[in-house]
Amino acid sequence: MHFLKRLARRYPMQTFLFLFNTGVFTWLQTTGTMIAHRLGLSGDGIWLYIPDWLKIVTRHSMESIQTLYGTSGWTWLIISMLLTWLVTFLRGLMRAVIFILLIGVGLWLVYRHFELLQNLKLS
């Protein structure tokens, strides 16, 4: 426990990002699974709530969209933890840009998942 406290004091930015990334992962994993399940239960009217870029990327395949939302949490966790590790070796402006980018993208993903889930519950 003493070792973890010392690491947290030595690397406060990385500690914050680690906690933030795991929180975003938990949210994305939970809501992504709920969205994937809801997409599996819905009919053709569900296409109204799927963003156009996502339809193009997945070639209008409901199974691909379900897989994408079901694994979005793990994808976020892996990419964000690699970038958090990279922050350790950077200094100055690049460090700040990656830090702000990680927080911004994480909050955006949480918002988009929440918005889609709310739309799916209403339909």
| Cα-based shape type of the stretch 71-123, given that a ≥ b ≥ c are square roots of the gyration tensor eigenvalues and the cut on a/c is 1.5 | oblate
| query | Pulled fully out, how much extra length does the chain show between S64 and T22, if you take 0.36 nm times their separation in residues and subtract their Cα-Cα distance? | reply | 12.6 nm
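Going by average Cβ neighbours within 10 Å, how do the peptides 93-102, 73-82 rank, with the highest at the top?
Per-residue Cβ counts within 10 Å, averaged per peptide and sorted highest first, yield 73-82, 93-102.
Please give me, ordered by residue number, the trypsin sites (Lys or Arg not before Pro) of the stretch 1-79 that lie in loop per DSSP and have at most 14 other Cβ atoms within 10 Å.
R59
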| said: Please compute the contact order of the chain in relative form: average sequence separation of alpha-carbon pairs under 8 Å and at least six residues apart, divided by the residue count, as a percent. | reply: 41 percent
| message | If you count only protein heavy atoms with a 1.4 Å probe, what accessible area per residue comes out for the chain, rounded to a whole Å²? | response | 66 Å²
| task | First compute the accessible area of the chain with a 1.4 Å probe, then give the percent of it belonging to carbon and sulfur atoms. | result | 71 percent
| said: Take V105 and F3, extend 7 Å from each Cα along the Cα→Cβ direction, and tell me the distance between the two endpoints in nm. | reply: 3.0 nm
| remark: Here, chymotrypsin sites (Phe, Trp or Tyr not before Pro) of the stretch 1-62 satisfying both criteria (DSSP loop; at most 11 other Cβ within 10 Å) are none
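The values are calculated or read from the model by the stated rules, or taken from the named source; none is laboratory data. None of the values given here were measured: they were computed from a predicted structure. In this analysis, Cβ positions are derived from the backbone assuming ideal geometry, glycine residues included, and neighbour counts consider all displayed protein chains. Surface areas here come from the heavy atoms of the whole protein model, side chains and all, with no ligands, DNA or RNA. Shrake-Rupley method; radii C 1.70, N 1.55, O 1.52, S 1.80 Å.
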